[in-house]
Amino acid sequence: ASPGQISWQITLDVRGIDLERLLALLDVPGLSGSGRLSGQLPLVWTPAGVEIRHGQLSSTGGGQLRYASTVPVADNPGLQALRDFRYSQFGLDLDYQADGRYALNMRLDGHNPEFYSGHPIAFRLKLDGALPGLFKGALLSGDFDAYILKQLQQGNLE
């Protein structure tokens, strides 16, 4: 939307969101975590609807992300690492347009003590598309395994 189309804008300050509760809302089987996220979500009301422009959330300390895959993970290092990933930093950049298009960049820095002798791992996940693709296609369908595998195969997950 061009600046002339903005009805109004407000920045939502987010402080200490409980990652465990946030993940519980997504209701992804096998996905859990701990820690807290804070940041800002600039909300823009346009004639087309609400948008988020350059939203940023990051961890306020360390935490855990655990994903118990329902598919074999022996040949998938990304899913192996996520079984018990202990992050020192978690960052999320988000843009969302009123027509449902989104761009999401996630950064996870940490390790899994049982994976590669606890060697540090940096995950970078870049997603874009149109909602409900991300949530319906991956999260709400419960087929998170297939979605992560697809992202790894397409080179979107490092």
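The values are calculated or read from the model by the stated rules, or taken from the named source; none is laboratory data. Worth saying up front: this structure is predicted, and the values here are computed from it rather than measured. Cβ placement follows ideal geometry from the backbone for every residue including glycine, while neighbour counts extend to all protein chains displayed. Heads up: the accessible areas ignore ligands, DNA and RNA and are worked out on the full protein's heavy atoms, side chains in. Shrake-Rupley method; radii C 1.70, N 1.55, O 1.52, S 1.80 Å.
What to note about this one:
- Each residue in region 18-33 was checked for being crowded, with 16+ Cβ neighbours inside 10 Å and either on the phi > 0 side of the Ramachandran plot or in contact with a strand residue (DSSP E or B) (Cβ under 6 Å, 6 or more places away or on another chain) (or both), and 4 of them qualify.
- Residues of region 44-77 that turn out to be under 30 Å from residue 97 (Cβ atoms) and not β-branched (Val, Ile, Thr), as a count: 15
- Within region 103-147, the residues that satisfy the criterion of being at pLDDT 55 or above, touching a strand residue (DSSP E or B) at 6+ places or on another chain (Cβ under 7 Å) and over 23 Å from residue 62 (Cα atoms) are 103, 127, 128, 129, 130, 131.
Each row is one residue, and each column tells you yes or no for (1) of a type in the set (S, T, N, Q); (2) in contact with a Leu (Cβ under 8 Å, 6 or more places away or on another chain); (3) at pLDDT 90 or above.
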{"site": "4", "(1), (2), (3)": "no, no, no"}
{"site": "13", "(1), (2), (3)": "no, no, yes"}
{"site": "27", "(1), (2), (3)": "no, yes, no"}
{"site": "30", "(1), (2), (3)": "no, no, no"}
{"site": "35", "(1), (2), (3)": "no, yes, yes"}
{"site": "41", "(1), (2), (3)": "no, yes, no"}
{"site": "57", "(1), (2), (3)": "no, yes, yes"}
{"site": "61", "(1), (2), (3)": "no, no, yes"}
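- Scanning region 67-113 for residues being open to solvent by 60 Å² or more (accessible area, probe 1.4 Å), over 30 Å from residue 47 (Cα atoms) and assigned to a loop (DSSP other than H, G, I, E, B) gives a total of 5.
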